[in-house]
Each structure stands twice: as structure tokens, then as C-alpha cells.
Protein chains: 2
Amino acid sequence: MNTQASICIALFSGLFFISDINAQISPEQAEASIEKQFATDSLQIAELFRLALTESHPYEWLGDMCKNIGPRLSGSPQAAEAVDYSFNLMNDLGLKTWKQPVMVPVWKRGERELAYYTSDDGSKGELNILALGGSISTGDEGVFAPIVEVTTWDDLEKLGEDGVKGKIVFFNEKMNPENLYTFHSYGHCVMHRWGGAVEAAKYGAVGVIVRSLNMRIDDYPHTGSMKYEEGIGQIPAAAVSTADAELLSDLLKNGKDVSVMMRMLCETLDDQESYNVIGEIKGTQNPENVILVGGHLDSWDVGDGAHDDGAGVMQSLGVIELLQKLNYKPKNTIRVVFFMNEENGLRGAKTYSAYAESSKEFHIAAIESDRGGFTPRGFHVDGNEAQLQKIASWEEILDKYGIHKVEKGGAGADIGPLKTDDNVLIGFVPDSQRYFDHHHSANDTFDTVNKRELELGTASIASLVYLIDKYGL
Amino acid sequence: MNTQASICIALFSGLFFISDINAQISPEQAEASIEKQFATDSLQIAELFRLALTESHPYEWLGDMCKNIGPRLSGSPQAAEAVDYSFNLMNDLGLKTWKQPVMVPVWKRGERELAYYTSDDGSKGELNILALGGSISTGDEGVFAPIVEVTTWDDLEKLGEDGVKGKIVFFNEKMNPENLYTFHSYGHCVMHRWGGAVEAAKYGAVGVIVRSLNMRIDDYPHTGSMKYEEGIGQIPAAAVSTADAELLSDLLKNGKDVSVMMRMLCETLDDQESYNVIGEIKGTQNPENVILVGGHLDSWDVGDGAHDDGAGVMQSLGVIELLQKLNYKPKNTIRVVFFMNEENGLRGAKTYSAYAESSKEFHIAAIESDRGGFTPRGFHVDGNEAQLQKIASWEEILDKYGIHKVEKGGAGADIGPLKTDDNVLIGFVPDSQRYFDHHHSANDTFDTVNKRELELGTASIASLVYLIDKYGL
């Protein structure tokens, strides 16, 4: 966006925050004060970006955690290690740091899954599957049954008990490539992964395989959470790679009868104590007002949880590191929260929001980074129109750093329960094209994170925290 | 950018093209006609993006070329194969296709380079180097000499003959991480790679090693072009990986004497005939007016030239594929040019521009894609202010696809010679953060290209071609 256009927005579209404070000034006065104010803020924000690209540590922290600890499923020894690692990082930055106890579910994948298909044309082959998180075991002997393909709930209903009983239901809805923002495609498909086992069991299915939520055709299965429901029989559920989903679908389209054997030895153990890890800088003027920045520390148990959401937690802590390096003394308390158990329970989010409700603090804003460590594009804002427009008005300064999509939208799973009538939840939105190549798969690894993209994300969030702290919302 | 802001830009900043045609209409009328016009164009452009993400073939073409042919250094058998492959692709799309003869230099790397360092503290180790393109051989016995580090021409001058004679000069300027647009950092450093051997030879150096133009610290050396000058002795020149550059620099900083042995068996052969590969759709109204879209078909001889510039040529051809699928009949001739020999001679660019000058055609615009197959950000425009503003006004439609940086800037090496007083050169600008991880190294491979990012780039360029064809410049 060029300067002429930007000033035009500020003056004519009524978005600009200074006009809230002093509506009586002339347009010329407004323009002069806008320019002066922006000059200061622009310099500070330029310095945040410079510091992020030259002196910040989130990339190093992320590498340490991913390479030395690895994936961090709730209740695993690695999750416990990650809690200690994070606590020490925050302490080393001089933050007031604490661990907030959270009881988390404990699910174990067990031995590597095995699966193969056989077709009545004589073909046979291995399938790349991953048990969905929370699935029951198939038992040592596995489940072997004919498969039946559906793409919608309607398909399943039409098949009914006659078509489904004794079979494995194969949910094969593709992520829609037409959406520019890939999370929209994810949002459309994820219900089959989440609810497929319940719906299929109603018709007597003996198992479920779900096409991986991946826009590429490759061999990585992508796991994720699923549910069972009281009173409905539990059946095992797995994700199958997109390449194998295509293969199975092609066989079925050619009129073949296809059966699948799946063997998964997962188990659910008793809940265990884990922690949200929290650190903060106290506000100099309004310490009871909190600007929260966070992501989730837990990950799935494959890959090393680099993009989901190692990137988000390390960026969140990086925000505080940058504000410290800027020598900025926030008026409000800036708190970083590494939530536990986003992936399969949201227990950390629930625990934190219960704490927030019972405390005397006011969360002005909560910002979550949980969409990968990719190049910045914007923010999704869950607030009222005035709050949205105030943040959008800051595009004038942030646009040059690639932040030009400030839109109404969902903010994040961990911060969702913190919404009140007055506050604002914000999701950091990096470019979404590559996210689902990695998400919940063995391909979510540190080597796929670009250092500069991660750093630009940290600086983008830090800039927003700076502006919110300075001007409120 | 939100709608309110966009209309504001259109109405108040004088950027919008309809106002050029009909300056007397009222603001309300202008707004109405803007909205109507944009409604049609928006639909067409939305369809271009939909087609790119669902039915386009550049990713497949690029994969075929990178995996089956590989890197395509000018004059190599692979470059010849790539010429045939490209010619057939264009033919298969039904284009009027031809091969334009170009005499290209032929340089061969020969056997894999060997290099090691020794230090007077007794340490010793291999170094990852790649001969710079055009370098002479060291001969079979190699060159072994003490190294001396410089970061600027001034450093070299200060050392003078006393400090340099008989030594290998180690140019160790780091790419500046502070620039958001990484090509600016490249532009600042590349002179040492290009001219280092000449300047060092003036003081009696026996060889040159140059820090790779890579913002990461890793083990990939990045090659690239270099020059020799008439009357100045030729010395061998190589790029060294950033990790090894750091190692050497640390040893020197600790006061050690360090010597390097480098052995490279490169050779320059006689020029050879190769080709620019050209295809076009004739304009229905002004066939003598050409909108050119292109990239370069040759690459360096390491990796498989996926981002530099397989992505660019396949996107260029993809533009025509998309316009065909849209069933759009261009008023002007749309021509795709796969230039030969951008990397080490620009002979294809020179040949084509000589052709353009002697023909009766007018090149309205030439667009180059040569900055990698990454997610779109904008365009750099080399034209007058009115032309820049006209293209910038189209951000109203293109912004939602991530195109929001339309700025004055250099367009591309291949199209540069086509500039006249009247026409416009345009460089497609994808996100630049990852480009120099890959550029000119063994790490520039097809698996590092994301299908959707490539496709969004193709659609962005196709949209621009559509708008230029429809509204002129």
C-alpha cells in the first residue's frame, strides 16, 4: 500500500484511532498528528522487526525443543520435559514464571500401526495409516473387513445399516483446493475425522479410515483428534495417507471389492498431571490488565511438532524477548502462556480460563499463534466492529511487513474460552498454503521451518502487542 | 484491505483507470461504474485462480522437467533436452511455437571440487565449495595458499599487494538479515562474487573463495556467475558454504594462520547453438502488440533448477494455459518466452531483444517470473508513474489473492533489454524469505516447491496479463 492510499484510508474511512479520542480536530490537524504519531510508532516497530531478524532466539529455542525433546503428546515424558524446558526459558528471560497444574488425558499410540488392503482383482499392498488420537485398539489380531467409501454424512445415511454393517467406513472427502485460505477447507472436512467413528458405529461399522487432511498427494498419514459418544459402540479409527486414499478410491471406482486389515495397539491410560507454563512482565500502570500471547506446548506424537505448535509458543515467548530488547516498559501486564493439551482435550485452555474468570484481572486481548511458522499475512479478530477497525487502522504501519489481512475471524482454540463482551481475541495468520503439508504428520519437523519466516511472525505479533498496550482496544 | 478502504483509494487517490477515460463523471457515477466493471473482472480473475488451483499443469510440468531432465546449464545435454521438452509442451497447448537460435557459452564444472583448510593450531577439515560459473581450473594439483579475509573492496585495497600477493582472498560479506526483501541483501553482496577474482588478481592473489549468498548457516555452497577482465590475470574462484565461511572466519579471528587447498577442474569450451523457446496466441484485434511473459529455461548445474527458474518458465506457460481454459480471446498477442542462458551470459535475452527491435511488433508489457515459486506478494514495475499507478489501482481486485505490493522496481534480467520509453516491464514478486536457501545450490530441488504457492503465482501473473490485455497500460 502506498502512502497516499494509506493516508486516504486514515482520513476518509473513519478507521483511525485518533479520531476516537479527539473528534473535533480538523482533517489537517488530524493528518498532522497521525503522521507524527505514526512516525514514532513506525520507528519502534521497525526496530522490533530489525531485532527479530538479527538478535531473537525463537528459532534456536524451537530447534532445541524439536531436536532434543521431539514430539510432545499430553501426558508423555517428552511433554513433561518440554514443560521444564519452557519454564527454564522463561525464567532465564527474567519473567515471573509459574506452572499451572492441568489434568490431561493420556493416550498412547503403542506399536507402529500396520495396515494393508486386498482387492478381488488380486492386488494387495501396504497402507500408510496412523491411529486417530483417542482411538481404541483393534486388538493384536487387528480388524479385517470390506471397505465402503463415503464423502458426506448423507452418503453414509443412504448406505444405512445394510451397506455399512460389518464393514470399515472409508471417509474420503478431499480438502477443497479452491479455498485460498486452507483452513477453510480444513474446517469443512474435519468433522469426519472428529465424528466419523460415532456416525459409522451407529450403522454397525467395525472400523473407520479417514482420508488425511492434507492438500498434497503423498504418503504421510495425518492424525488428529476424534470422539466417542456415550451409548454408542466404540470402533477403531485411523487416518490414511492421501496417496493411499486415492488408490483405494480408484479400486472401488473400478468396481472392485476391497478389504482392509488394520492393526493398532493404542490405549488410553488414567489422566495425569501436567502444566500450562506461564511467564509475564508486570504492567507499570495497570498490572491487573493483561495482554496474553500464547500457543500450545503439546503436539501430536509424530514429527516433532515444529509448526504445530512449537512455532507458536516460541514466537509468543519471542514477543516478550523483543519487547525487552526494545527496552519497552508495558503499561499493562504482558503474559505469555504455553497451553497444555490443545490437541486432544483443551484441558489447559479450560484450566486457564477458569483461573482467568476467578481472578481480578481483565484480559484486554489474547493473541494466539497456532497456524504454523510461515510468512506473516495478517490477523483474525474476534471482537466488535470498533475493535476490528482500530486494529485494521494499524495496517498503515504494519502493511510494509506483509501484514495486510486484518479480518473478522476465529482467533484460536486455546484462547477461545477467554472471550467476554469487552475483550478481543486475535489469531495470528501466517500464509496458509504449506500448513497442511505438515499438520499432525511425521512431516511436521523443524527443518521445514524457515528462520526468517518464523522471526517475521514474532515481530508481527510483538508489534501488535506494542500497539495494543500503547493505545488500548 | 477492506472494501471501504479500497473504494476510498479508487475515489480519492486518483489511481483508478476509469477516471483516465472519463474524468467528467461525478464521484457517485464513478463509484457505480467502478463497482460494475470490477464485478466482471473480479469474476474472471476468481475463475483464473480457481482454475490454477484445480486444473493447471505447471507443477506437473516442472516436476517432469526437474526429475527427468534435471539441471540445465547452457550448452549441456540437459539444456538441449529441456528445449525439446518445452517446445513440445507449447505445441501440445496448440500455440504457435518456435525455437529462436542463440549462441551460448559452454562452461563445464568437471569432476567434483575438492577443498580443505589447515590451520597452524593443527586443525584441518574439508570445505564445501563450488566453482563459480566461468572460473578457470586450478589444474590437477590444485591451489594451496594462505587465506586472507575481507568484507569490502576497501578491506582489499588496504591489504594491498603486501597483504594479498600469493594468497587466496576470502570474501566474507554476510547477506544483511535486516532487509525484509532478501533480494536487496543479495544485490549488496553479489559484486564480490561477480568481480572478486578480478579485484583480487590486481593485487596478486592466486585464488578467491566467496561466502555463499545464503542467509542461512548451512553446508550448501551456492555458485553463480563471475567475470574476468581483459589484461588482468585469471585466478580460480569458488563459493564456500556459509557454515564453512563462519568456521574459517572464526579461526582467523582467533589469530590463526589458515591455508586452503582448492582443486577445481572446470573448463570453458567453444560457444554452442541453443535456443529460446517461444510460443504465442495471436491477438484478435492488435496482433502486432505483444504482451510477453517469460522466465529462463537454463539453470545452474547443481540441484535441478526448480525455483531458479523452472518455476518461472512453467508459470509463464501456465498463464497461457489458464487464459485458454478461461476461453479468453486476447486482443493483443500473448507470447511466452523461455529464455536461454540467463545465468551465465544473458545471450537469450540479447538475441530476443535484437529480434524485438528489428520486428514491427510493439511490446506493450513484458513480465518476468524469476524469483522462485513462492507465495505471491506483488509486482515490481519498471515504467512511468501513470503506468505504475494504473497497475497499482488493480490491487483492488488482486489484493484478496495476496497481491498487495505493487511498487516501482527492477523487473528481470531477461526482459531488461526490451525497455523502451513507452512500454512497461514487470517482475512478479513472490515472498522472498526462502529464496536464498535454494538459489544456485544443490538445495534448489523440485521437492522444495509447494504446488499451491506455484499455482497462485501463475494465477497472479495471468490476472495481470488479463487486465493489461483488456485495459492497456
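Key figures
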quantity	calculated
For A:L317, A:L265, order by how many other beta-carbon atoms lie within 10 Å, fewest first	A:L265, A:L317
Theoretical FRET efficiency, 1/(1+(r/R0)^6), r = Cβ-Cβ of A:N176 and A:T54, R0 56 Å, to 0.05	0.90
Förster radius 45 Å - calculated FRET efficiency between B:K158 and A:A39, Cβ distance, rounded to 0.05	0.70
Flagged links, alpha-carbon separation over 25 Å, of B:K419/B:K470; B:K67/B:K325; A:K405/B:K325; A:K282/A:K470	B:K67/B:K325; A:K405/B:K325
B:F362/A:K331 FRET efficiency (R0 51 Å; Cβ-Cβ; nearest 0.05)	0.25
Distance between modelled label sites at B:D84 and B:Y116, nm, 7 Å Cα→Cβ extension	4.3 nm
Spherically averaged projected area in nm², based on the convex hull that wraps the Cα atoms of chain A	23.5 nm²
Relative contact order for region B:110-265, counting Cα pairs under 8 Å that sit 6 or more residues apart, in percent	39 percent
Chain A: relative contact order in percent, alpha carbon pairs under 8 Å with at least 6 residues between	21 percent
Considering only region B:225-339, percent of DSSP beta bridges that pair antiparallel, nearest 5	40 percent
Residue-averaged beta-carbon neighbours from other chains (10 angstrom radius) around B:311-320	0
Ascending list, in nanometres, of distances separating the A:K165 label from those of the other copies (7 Å, Cα toward Cβ)	9.9
Likely footprinting exposure, A:H363, A:H440, fewest C-beta neighbours within 10 Å first	A:H363, A:H440
Separation of alpha-carbon centers, region B:319-362 and region A:64-97, rounded to whole Å	55 Å
Region A:373-418 and region B:377-415: distance between their alpha carbon centers, rounded to Å	25 Å
Expected-Rg normalisation [2.2 N^0.38 Å, Cα atoms] applied to region A:335-473	1.06
Debye-sum result for the protein assembly as shown in log10 I(q)/I(0), which assumes one identical scatterer on each alpha carbon, at q = 0.06, 0.07, 0.10 Å⁻¹	-0.48, -0.66, -1.30
Inter-copy label distances at A:E178 (7 Å, Cα→Cβ; nm, one decimal)	4.7
Relative pair counts by distance (%), Cα atoms of region B:110-265, 5 Å bins	2, 10, 20, 24, 22, 14, 6, 2, 0
Ranked A:E361, A:E55, A:E455, criterion: other C-beta atoms within 10 Å, fewest first	A:E55, A:E361, A:E455
Lys, Arg +1 and Asp, Glu -1 on Cβ, resulting dipole of region A:110-265 about Cα centre, debye, nearest 20	180 debye
CD proxy at 222 nm, helix term only [per DSSP H run n ≥ 4: -39500 (n - 2.57); per residue of the protein assembly as shown; nearest 500]	-11500 deg cm²/dmol
Label distances, nm, B:Q272 versus same residue in remaining copies, Cβ-directed 7 Å point	6.1
Within region B:276-354, percent of DSSP bridges classed antiparallel, to nearest 5	40 percent
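Here, each number is a calculation from the coordinates, and none is a lab measurement. Model, not experiment: these values are computed from the prediction. Cβ atoms come from the backbone with ideal geometry, glycine included; neighbour counts cover every protein chain shown.
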